[in-house]
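**Q** Structure in structure tokens, see below.
The values are calculated or read from the model by the stated rules, or taken from the named source; none is laboratory data. Note that the coordinates shown come from a computational prediction; the quantities given were computed from them, not determined experimentally. With ideal geometry, Cβ positions are generated from the backbone for all residues, glycine too; neighbour counts draw on all protein chains shown. Just so you know, the surface numbers come from the protein's heavy atoms only, side chains and all, with ligands and any DNA or RNA stripped out. Shrake-Rupley method; radii C 1.70, N 1.55, O 1.52, S 1.80 Å.
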Amino acid sequence: MNRRDNEELVFSGRAFDAGKWFPVSEFITPIFPYTRLQNDEIEIPPPIISDSNSDEESVTARLEQLYGKSAARKLRESRVGIIGCSGTGSPAIECLVRAGVGEFVIVDYQRFGRSNLERIHGSRFTHAKMNPLPYKVELMAEMIWEINPSARITVFVGNILDDEVLNELLCCDLLLGCTDTHHGRAALGDITTRFLMPAIDVGVMPEGRNGKVTAQLVEITQYAPELPCAFCSNCVSTWPITVECMTDEDRKQRKEAAAEATKRGEDGTLYWGSDLAQLPTVGYLTTNAGSLTAGYAINWLAGTSDLPHSRFQFDLGQPEFGFKIINRKRMASCTCGKIIGHGDQADAMITKPHHWPRPLKLSLLPPSAR
């Protein structure tokens, strides 16, 4: 590595893996301002980006007016991974594609359901009538191509814990965690630490009582190599992860053992803690949370602004939004501070259960290529 007279950083290098030498083509700084440097000694074909030279107004003209053309080009060259394509993931995807982000890796293992129509952007009533029901990632790909036919999309029916999915996510510039699962958040923080992959996680928690809304919480958490993991940040708990990763048979056996223990006058929670509550997420709240997260991602990728805090929450129904900054500190007992940048050489904090299905990579085509 060296700096030219104009202070520009230049580099060259090679890496040895699986018995072969590979040239290092790019140098990435995973902190703000995000930069991606090319190795001058390697000729890399540029991504196919359609810069219109016609007299038509650019679809991102207002964005370019605010950020400048160079920032808009950074977005077109960016690749963003979105894990979870429901209430928060779908509005985030829509905002990102409308801002001109050029490439996406979208991951979700679920099919669309009738109740999803209230909060999933890009969904239509006709989707709820289809048999079989479409995968959520299919709806997202359809929405992306309706807005930008030249967008490049990698689509997985799968989970963040799948190795094949992880390999694609590691080629992204930024990850967005848009699931409400504990194992998803744990994996997101682990990936960030081990692979120096920046990420933003978003979650909502609406609450109500006696026909009244009592909480409309939105929480945003930034993950980066220098920040504490999800465990240190108290964003996840071991019991929900255990439940999420169990087989149906394991859940049944544990509940039966807990019931028998209670009958004997023993502590049944030693066998079964509790069921995981289904959050009553609603569209207006998830749309607010997802679009705001996309805004932070857009500014971060363009280099125009960083997140104001690494973790914060607010309540839409409270005076001054009940804004709260949540301080984070690495626990001395946690390994996350010892495996920064270790990649595959460090053990993952959480691995995929053996009974989960293999991921399905969908081969979808934009309408123009069908």
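**Q** Evaluate the distance, in nm, between pseudo-label points positioned 7 Å from the Cα of M205 and of E256 along their respective Cα→Cβ axes.
**A** Label-label distance for M205 and E256, simple model: 3.5 nm.
**Q** Carbon and sulfur together cover what percent of the accessible area of segment 27-165 at a 1.4 Å probe radius?
**A** Using a 1.4 Å probe with all protein chains present, segment 27-165 comes out at 52 percent carbon and sulfur.
**Q** Per residue, how much accessible area does segment 4-43 have with a 1.4 Å probe, in Å²?
**A** For segment 4-43, the per-residue accessible area is 79 Å².
**Q** Related question: Taking all protein chains in place and a 1.4 Å probe, what share, in percent, of the accessible surface of segment 306-370 do carbon and sulfur account for?
**A** On the way: 2510 of 4770 Å².
Summing carbon and sulfur atoms, their accessible area is 53 percent of the total for segment 306-370.
**Q** Helix-derived [θ] at 222 nm for the chain: sum -39500 (n - 2.57) over DSSP H runs of at least 4, divide by residue count, nearest 500? Walk me through the numbers before you get to the answer.
**A** Values: 10 runs with 106 residues, N = 370.
About -8500 deg cm²/dmol.
**Q** Assuming R0 = 51 Å, can you tell me the calculated FRET efficiency for the pair L117 and E7, based on Cβ-Cβ distance, to the nearest 0.05?
**A** 0.45
**Q** Please enumerate, by chain and number, the lysines with C-alpha under 25 Å from the C-alpha of K263, excluding those fewer than 8 residues away in the same chain.
**A** By straight Cα distance, K263 reaches K252, K255.
**Q** Please give the per residue accessible area of segment 187-334, computed with a probe of 1.4 Å over protein heavy atoms only, in Å².
**A** 51 Å²
**Q** Now a separate question. Please give the FRET efficiency for N131 paired with L365, using the beta carbon to beta carbon distance and R0 = 25 Å, rounded to the nearest 0.05. The partial results should precede the final answer.
**A** On the way: r = 22 Å, r/R0 = 0.89.
The computed FRET efficiency comes out at 0.65.
**Q** Then there's this: Say the dipole of segment 249-329 comes from +1 at the beta carbon of Lys and Arg and -1 at that of Asp and Glu; which of S310, G273, S291 then lies farthest toward its positive end?
**A** Positive-most Cα among the choices belongs to S310.
**Q** Label C171 and L279 with points 7 Å out from Cα along Cα→Cβ: what is the distance between them in nm?
**A** Those two pseudo-labels are separated by 3.1 nm.
**Q** Also, quick follow-up: Spin-label point model (7 Å from Cα, Cβ direction): what's the E26 to T242 distance in nm?
**A** 4.1 nm
**Q** Give the calculated FRET efficiency between R98 and E164 to the nearest 0.05, with a Förster radius of 25 Å applied to their Cβ-Cβ distance. Walk me through the numbers before you get to the answer.
**A** Working: r = 29 Å, r/R0 = 1.15.
Approximately 0.30, to the nearest 0.05.
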